[in-house]
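Written below as structure tokens is the structure these notes are about.
Only the coordinates and a few stated rules stand behind these numbers; no lab work does. Note that the coordinates shown come from a computational prediction; the quantities given were computed from them, not determined experimentally. Glycine gets a Cβ as well: all are built from the backbone with ideal geometry, and neighbour counts include every protein chain shown.
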Amino acid sequence: MERLLRLIAGAFILISLALAYYHSKYWLIMTGIVGFNLFQSGFTNWCPTMTILRLLGIKENKG
């Protein structure tokens, strides 16, 4: 699940950067939100995306 989480975060950042370059600089807000979420999850050990992935039935790799 952590690998999937990193893939999702990386994809969101790359997509928002491309949209900011080609469409509107306001897409950088999405980059900031993803970055802030990664930052806060480092302190709290809680990430909303992990909660969503669990609800979708993605199992964590324990070991």
Where ILE58 falls short, out of the listed (1) in contact with a Leu (Cβ under 7 Å, 6 or more places away or on another chain); (2) of a type in the set (A, V, I, L, M, F, W, C); (3) in a helix (DSSP H, G or I): (3)
TRP46 - would you say it is outside any helix (DSSP H, G or I), without any contact (Cβ under 8 Å) to a residue 12 or more places away in the chain and not hydroxyl-bearing (Ser, Thr, Tyr)? yes
So is LEU14 surrounded by 14 or more Cβ atoms within 10 Å (Cβ to Cβ) and either over 11 Å from the mean Cα position of the chain (by Cα) or in a helix (DSSP H, G or I) (or both) or not? no
